[in-house]
Amino acid sequence: MNGDSDNRDRTALIRIEGISKRFGSLWANRDISLDILEGEIHAVVGENGAGKSTLMNILYGHLQPNGGRMMVRGKPVRFRHPGEAIRAGIGMVHQQPLIFPQLSALENIIVGTSSRGGPLSRHRNARDRLAGLCALFGFDLPLHEMAGDLSFAHRQQIEILRVLYREAGILILDEPTSLLAPPEVERFLGLLKSLRQAGHTLLFISHRLREVFATADRISVLNRGRLLQTLNASQSTIEETVRLIVHEDPAAGGDPAVSSKEPASKGIAVRKAGGEPYVVLRNVFTGASDGEPGLIDFSLDIREGEIVGIGGVVGNGQRSLALVLAGLIPVDRGSVRISGIEIDSVRREGDSRRILERLPANPMEEALLPGRALWENLLLGRQRDREFQVRGRLDKAEAIRYACRLLDAADVAYSDVNQHVDSLSGGNQQKVALARVLGGSRRFLILEQPGRGLDIRAQQRLYERIRAMNVEGVTFLILSYDLEELLALCHRVGILYRGGLTGMMEANEASREVLGMWMLGIAGSNDRVVPAVQPRL
Amino acid sequence: MNKAGLGRRIEGSIESLSGLVPALVFGFLMCALLAVLAGVAPVDLATTVWTGAWGSPDAAATTLSKTTPLLLTGLAVSLAYQTNLLNIGCEGQLTLGALASSAFAVAAAPLPGLVLIPLTMLVGAGAGAAWAYPAVWLKQQRGVHEVISTLLMNYMAIYLCEYLVLGPLGDGTAMGRTPEIPTGAVWPFLWRHGAVGVTAAPFLALLLCIGVHLWLSRTCWGYEIRAVGSSTTSSRAAGIPVDRWQTRLFVLSGALAGLAGALEVATVHHRFYRTFSPGYGFDGITAAFVVNASPGWLWLSGLFLASLRAADKWLQLSLQVTPNAIVIIQAVLLISVACQARFRSAWQFMLTRFKEVRSGYR
């Protein structure tokens, strides 16, 4: 399906033939054959668990295929570990930049490369070469600052320079734009094009089709481990691609819940008029948490039955906001009240969970129980409920029934409720964490990055569920780096910048440009700004 | 439960043992290899240990009495490990528990046995618990790693006991021992044969292990403890009192080690000796981890290690092998078990391969 005749005459830089990979009984990749052409931008798209990451990890030597073969520049290769892939000129830019926070940006880039000359001349040579690369691609990376102090965009530049510095001709990028602010995304897409101009070949995974179509030459659609089709971007449309991504086996029956519309279609969120302020934050200051700034003079009202979204670039205080509301870090100054209860007093009682539930941004570390069965993960927080215990004895059968109900409602792909949660794919782990948070009976939910790792279909189901719960009266605070997600879901959207709220807008009249500027700390007066706090009557 | 569910359960339990069993088999093979290198037939080694430990009623009684402290210190280590804490300090807690209980029994001699025996046990357990508490307090309040603090507190306890037993609590001799405890504090034999016999202690220890196993696996508290052991952050966010559980289990762990010491005094030595413990506290670590710190299986490792301990002099007598060989056997087994993740992945690889071959793939 892939070899269009006009592409045949261009050289295939990487040829993948019949690659298969299975994990247990699951085929992650099945008989994939694909040519990556020299100097193209090749996007790989697909649902969660479609096999994108597996294929990239095979290319980069992290995983070994069960069958099939690969050729680079016509020569058959077999990578046993990433070192061999690097030697063959393949580099990988990870979604979460892997940095040494205590080392300078320069040292982060050259770490692991062989040195010529003494340590001093080595640094000087490296600096000269990197300065050249920075100038060539328009990077503004301060090479001598400690990496831990740098912004996310700069850390990503470190990752990219690391690959370029090793003279990799082929770059694999795993969801590179998912944590960038919109103006940074524009710059990043420009960078991809200039890399192509400089003769590099790029392979990138993305869930954001608009970005894919803005840059890619060809698009490969994976579906349940198989390569469905490779499209020429210029001869295809977003609609067609979405249809392929969610394509079901005709035998299995179509899915009426999924339309082939753009995923970020505007949500019709219902809001109860004139709801009372349910969550009230007044001039709140907190300490920094985990390298993120704390809140600085932060005020916000959330009315009952409202969905409020807070966006911003990574590391601007979203975590502090979620933690202070959940009662996990102290309020230094100001006041936080939820449903009339002062949060500091809740904290003393040790259970803010009676009024709210929170989905953290990294569920595996903060919400799930690694190494424990699925049913134990779903029970967490409800183990003392009367329905699950008889005089201290845990009713395991009931807990398992409850877990199955939640897992099915959340569309989790699992084979056994006794299997460990860490044996699921990333997207499914996110679904498990969501299942537990949404399955409770709390009236106020804080969701950090709810759509992270979910594919288009799962995201849409999630958004529908949130809206349905909202109609029932549940109040939401959604923290996300993804502006589209916030605009699709929320009534009001605000932006956090360095611990303070830059401004708020009604989602249905919000301007992406202004929100994008706010994310970078460029405040401008705008007539669409709405107050974050209800005026006193 | 239907047939498919049962099959899956069996597969699940095979899965959970898939690292441990091959690791133990490998460990035993290594021990056999070492025996060959030392010029001993592995079969002779095994039969010597077996007859040395269980060959006669006397030997069996001795072995059983050695099982008690191993079960209890093994349980102590396992219990703390459920919440991801390592109690390396059982030796100190055991020594202190033994001294405290024997000093108490001597002082409270007039009490009737029915009161004196349980009180002596309580005092021993209390002393062990009190010696464990500072470590968990330091961990929670000051971030001191419990392995370091409990390890060092061992030496503090041992030397403190040595000072006390040579001074204020001693029997006036330079032997480093307390006066004998009153007969009312001594556990009676259920069955006796000459000078040796069997008390209720090993059975009590076994009951404790089973009780703890049921408590952990069946109750809502046990669930919370497992959750804490899996992730303290997630548990805390879910409203589980993480610090409280860690404190409780750690103190309980110290109490069990102290109880082991008190039982040694009340059933074996009838007084505290400076050197009464051949390292039961440290052996508890081996006993616990040879069965993956699961209290339901401790009886197996407890009996095995006690057999080794009971048979050590027979190695010298009939095989001319140094008794230290049992330390080597323990060490080899422990190292093999520590490598079980490796064995598990190898097992899974073979299993997938087998299934592939069976389903006709390639």
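Coordinate-derived values only; no laboratory data. Computed from a prediction, not measured in an experiment: that's the story for all the values here. Here the Cβ is made from the backbone with ideal geometry for all residues, glycine too, and neighbour counts use every protein chain on show.
Structure notes:
- Amide hydrogen neighbours beyond the local backbone of A:K21, cut-off 5 Å, H modeled: A:A28, A:N29, A:R30, A:D31, A:N66
- Over 28 Å between alpha carbons, listed pairs A:K52/A:K431; A:K431/B:K139; A:K21/A:K396; A:K21/A:K431: A:K431/B:K139; A:K21/A:K396
- Label-to-label distance, nm, for residues given as A:S236 and A:A214 (7 Å Cα→Cβ offset): 1.9 nm
- Counting other Cβ atoms within 10 Å as a rough exposure proxy, the listed residues B:S18, B:S102, A:S236, B:S301 run A:S236, B:S18, B:S301, B:S102 from fewest neighbours to most.
- Exposure proxy ranking for A:V390, B:V144, based on other Cβ atoms within 10 angstrom of each Cβ and starting from the fewest, stands as A:V390, B:V144.
- Average beta carbon contacts from partner chains per residue of A:360-367, 10 Å cutoff: 3
- Once the Cβ-Cβ distance of A:R226 and A:E342 is raised to the sixth power relative to R0 = 51 Å, the FRET efficiency obtained is 0.35.
- For segment B:244-267, no residue has its backbone nitrogen under 12 Å from a point 7 Å from the Cα of B:L111, taken along Cα to Cβ.
- Per-residue average of Cβ from other chains inside 10 Å of B:218-226: 6
- Net lengthening on full extension, B:R192/B:R244 (0.36 nm per residue, minus Cα-Cα): 14.3 nm
- Two-site label geometry, A:H81 and A:H144: point separation in nm, points 7 Å out along Cα→Cβ: 3.6 nm
- Kyte-Doolittle at least -0.5, axis length at least 18 Å by Cα - qualifying DSSP helices, chain A: A:119-137, A:152-165, A:182-197, A:396-409, A:426-439
- Within segment A:84-98, backbone nitrogen closer than 20 Å to the virtual label 7 Å beyond the Cα of A:T11 toward Cβ: A:85-91
- Distance from the C-alpha centroid of segment B:75-151 to that of segment A:390-455: 40 Å, rounded to the whole angstrom.
- Calculated FRET efficiency for the pair B:F354/B:A174, C-beta based, R₀ 51 Å, to 0.05: 0.15
- For a modelled paramagnetic label at A:A135, 7 Å from Cα along Cα-to-Cβ, no residue of segment A:159-200 is in reach, as no backbone nitrogen comes under 15 Å.
- Estimated from the Cβ-Cβ distance and a Förster radius of 51 angstrom, the FRET efficiency linking B:D44 and B:L166 is about 0.75.
- Within 10 Å of each Cβ in A:393-402, the average number of Cβ atoms from other chains: 2
- Sorted by Cβ neighbour density within 10 Å, fewest at the top, the residues A:F285, B:F289: A:F285, B:F289
- Contact order normalised by residue count of chain B, Cα under 8 Å, 6+ apart, percent: 34 percent
- Tilt relative to chain B, helix B:242-264 - C-alpha long axis, 0 to 90 degrees, to 10: 60 degrees
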